[in-house]
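Quick notes on the structure that follows.
Taken together, the values in this text are just the output of simple stated rules run on the coordinates, not laboratory data. If you're wondering where the values come from, they're calculated on a predicted model, not measured in any experiment. With ideal geometry, Cβ positions are generated from the backbone for all residues, glycine too; neighbour counts draw on all protein chains shown.
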Amino acid sequence: MSMIDSSAIFAGKLAPTSPLRQNGDMRRLQQLLVLLALLLPYPLLALDGKRISETAQHFVLQQLSGNKGEAKVNVGNIDTSRLPDCEAPEAFLPAGARLIGRVYIGIRCNHPHRWSVLVPVQISITGTYLTLNRALAAGQIVQANDILVTKGDISSLPTGAIADIETAVGKQLRNSLGAGQTLRADHLQSPWVVRQGQLVKIISQGNGFSISSEGQALNNAAEGQAAQVRMPSGQTISGIAQKDGSVIIVF
């Protein structure tokens, strides 16, 4: 606001303010703006449900970006009327939570106020998984024509559901399964190459020597697993089962 020259009032008229006074007013205005800037170092951004929802959704999609399948995220409603304003709300995954199915995503604020809330989120992921097109008995070897590649919501499947057909073909079933059942990793094992009671070839290897002998297997073993063998002398030794059914002992 411009200052009024008092001499002009006594003369019955107003005189224009001097340039020196105008410069002084401008300096005081600039100082006031600087002071206000110091008192408000952060922007007060309105916090609403949409902003919370977008923060949670962006976090989930970013975390799932490297996964197979197409993710869909539905964020539940949350009352933000009692939450203080926040400069930059950030999302986090609470301890023990998994990004699948119904889950709670945490939203926290560190500045200018500290608070955190949990937001309900429903995550569905459309992808492929394997089911059996016929019943199989325990011990059977899974073949390619035993499997159907199914597409659906994999977020509702049990842990360990298999998506890759090559992972299942050639494996042995641990237990019997019915037609249409989802194939899981714990249903399968590598087929036995050594069977309990059979005679197996034993190859003893060391620095500069290799000796072959024969013994009786005391347990079932898949390729790469430990096999216990009783030698003709009655001694029990342990080696590694090979794909061809032999057992190698390295000294």
Heads up, the stretch 128-189 by the C-alpha gyration tensor (a ≥ b ≥ c square roots of eigenvalues; a/c under 1.5 rounded, else a/b over b/c prolate, else oblate) looks prolate
Can you grab the distance from the C-alpha centre of the stretch 181-221 to the C-alpha centre of the stretch 112-135, Å, no decimals?
41 Å
Label-point separation (nm) for Ala137 and Ile211, each offset 7 Å from Cα along Cα-to-Cβ?
4.3 nm
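Sort Asp186, Asp146 so that the residue with the fewest other Cβ atoms within 10 Å of its own Cβ comes first and the one with the most comes last.
Working: Asp186 10, Asp146 20.
Fewest-to-most ranking of Asp186, Asp146: Asp186, Asp146.
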Fewest Cβ neighbours within 10 Å first, please rank Ser65, Ser53 accordingly.
Ser65, Ser53
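Summing +1 for each Lys or Arg and -1 for each Asp or Glu, what net charge is found among the other residues whose Cβ lies under 13 Å from the Cβ of Thr126? Working shown, then result.
Working: positive: Lys68, Lys72, Lys151; negative: Glu70, Asp153.
Once positives and negatives cancel, what remains is +1.
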For Lys50, counting only lysines whose alpha-carbon sits under 29 Å away and dropping same-chain residues fewer than eight positions off, the answer is Lys68, Lys72
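Once the other residues with Cβ under 9 Å from the Cβ of Lys201 are scored (Lys, Arg +1; Asp, Glu -1), what is the net sum? Spell out each step's value before the answer.
Values: positive: none; negative: Glu214, Asp244.
Combined, the nearby Lys, Arg, Asp and Glu give -2.
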At what distance in nm do the modelled label points of Asp164 and Glu54 sit from each other, each positioned 7 Å from its Cα along Cα→Cβ?
3.9 nm
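Mind checking the full-extension length gain between Arg195 and Leu218? Use 0.36 nm per residue of separation minus the Cα-Cα distance, one decimal, nm.
Numbers: separation 23, 0.36 × 23 = 8.28 nm, distance 0.79 nm.
Here the segment from Arg195 to Leu218 would lengthen by 7.5 nm.
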Taking R0 as 35 Å, what FRET efficiency do you get between Asn74 and Val149 from their Cβ-Cβ distance, rounded to the nearest 0.05?
0.85
In whole angstrom, and with the biggest value first, how far do the Cα coordinates of the stretch 192-250 range along each principal axis?
30, 25, 14
Per 10 Å bin, what percent of the C-alpha pairs of the stretch 49-125 does each bin hold, from zero upward?
19, 53, 23, 4
Looking only at lysines whose Cα falls under 23 Å of Lys171's and that sit 8 or more positions away or on another chain, we get Lys151, Lys243
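Hey, fewest Cβ within 10 Å first, where do Ile162, Ile107, Ile147, Ile248 land in order? Each step should come with its number before you reach the end.
Details: Ile162 21, Ile107 24, Ile147 18, Ile248 15.
Ascending number of Cβ neighbours within 10 Å: Ile248, Ile147, Ile162, Ile107.
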When the chain is fully extended, how far beyond the present Cα-Cα distance does Thr236 get from Arg108, taking 0.36 nm per residue of separation?
39.9 nm
